[in-house]
1. If you rank Ile88, Ile95 by fewest surrounding Cβ atoms within 10 Å, what's the result?
2. For region 37-185, list log₁₀ I(q)/I(0) at each q in 0.20 Å⁻¹, using the Debye formula over Cα point scatterers of equal strength and ignoring solvent, two decimals each.
3. What is the gain in length, in nm to one decimal, between Ser61 and Arg100 on full extension, counting 0.36 nm per residue of separation less the C-alpha to C-alpha distance?
4. Give the relative contact order (percent, whole number) for region 86-196; include only Cα pairs under 8 Å separated by 6+ residues.
5. Please work out the Cα center distance from region 120-196 to region 48-86, rounded to the nearest Å.
6. If the chain between Glu140 and Lys153 were fully stretched, how many nm would it gain, using 0.36 nm times the residue separation less the Cα-Cα distance?
7. Could you compute the net charge surrounding Leu138? Neighbours are other residues with a C-beta less than 15 Å from the C-beta of Leu138; K and R count +1, D and E count -1.
8. Per residue of region 135-145, what does 6.51 cos²θ - 1.76 cosθ + 1.60 with θ = phi - 60° give for ³J(HN,Hα)? Whole Hz please, x for Gly and Pro, Karplus curve as stated.
Amino acid sequence: MIAIKRILCVTVIICLTSCASKQVATSDEPDFDGTTNKTEASSELFYSDSPTPPTTLEKGSKQLKLVRVMEGGACKNDQQGTQGVFLIYSDPDDIERIKREKGSEIFSIFEKEIQEFSLVALDKAVKSIEITVDPFALDEADAQSKVFIRLAKSFRLFLEKDKARFQEKTSLTVEIIPFKRTFEFYINNCEGIHTH
């Protein structure tokens with residue numbers, strides 16, 4: 001089994017499963033240890049080994065804020081699979097505007113939509129990659145990193161159309177990023193993973 005320690009030091013978790021979304025806490029601010037930092041919405045964030053995610057990131061001219069964290073997993077078959085945490089960033093200005101126009105209740109609908117299309121993208125990504133140990137990896141950490149990079153690239157590919165469609169329909173800018181340090185990969189048994 002390839003394993004990466006999961007860091008779940010967050011105040012809000014949405015279970016990324018086929019079950020209904022459940023909020024554990026309702027704080028507006030994510031509670032991570034360390035100082036507030038920000039980064040570009042680029043491949044660097046997808047593949048970062050940082051123990052804590054940035055609380056903000058820049059996407060074009062917008063500065064997005066970490067607003068939710070989702071947890072989920074998927075199995076490729078009975079033996080192989082993965083689970084981990086996904087970071088949801090959004091534009092605070094979009095959020096305030098939509099609250100004024102449509103009321104805050106609309107965000108529970110948005111959360112479900114994001115959850116659904118993210119699950120589909122994760123399921124497709126897991127089925128499209130090889131979850132195997134690279135015999136040429138330098139060590140276990142290197143092997144884990146290579147599998148994660150394959151997953152993250154595939155996830156982005158399968159996510160893009162649904163995310164763009166969601167943004168056009170809702171006028172809410174979002175970025176959904178797998179958090180590398182939280183992912184566990186399984187090659188011998190995929191039972192017990194919260195799957196789609």
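1. Going from sparsest to densest Cβ surroundings: Ile95, Ile88.
2. -1.27
3. 11.8 nm
4. Here the relative contact order equals 45 percent.
5. 9
6. 2.7 nm
7. Combined, the nearby Lys, Arg, Asp and Glu give -4.
8. x, 9, 5, 5, 7, 4, 4, 5, 5, 4, 4
We did not get these values from a lab; they are worked out from the coordinates using the rules stated. Source: prediction; values computed, not measured. A quick note on method: Cβ atoms are made from the backbone with ideal geometry, for glycine too, and the neighbour counts reach across all protein chains shown.
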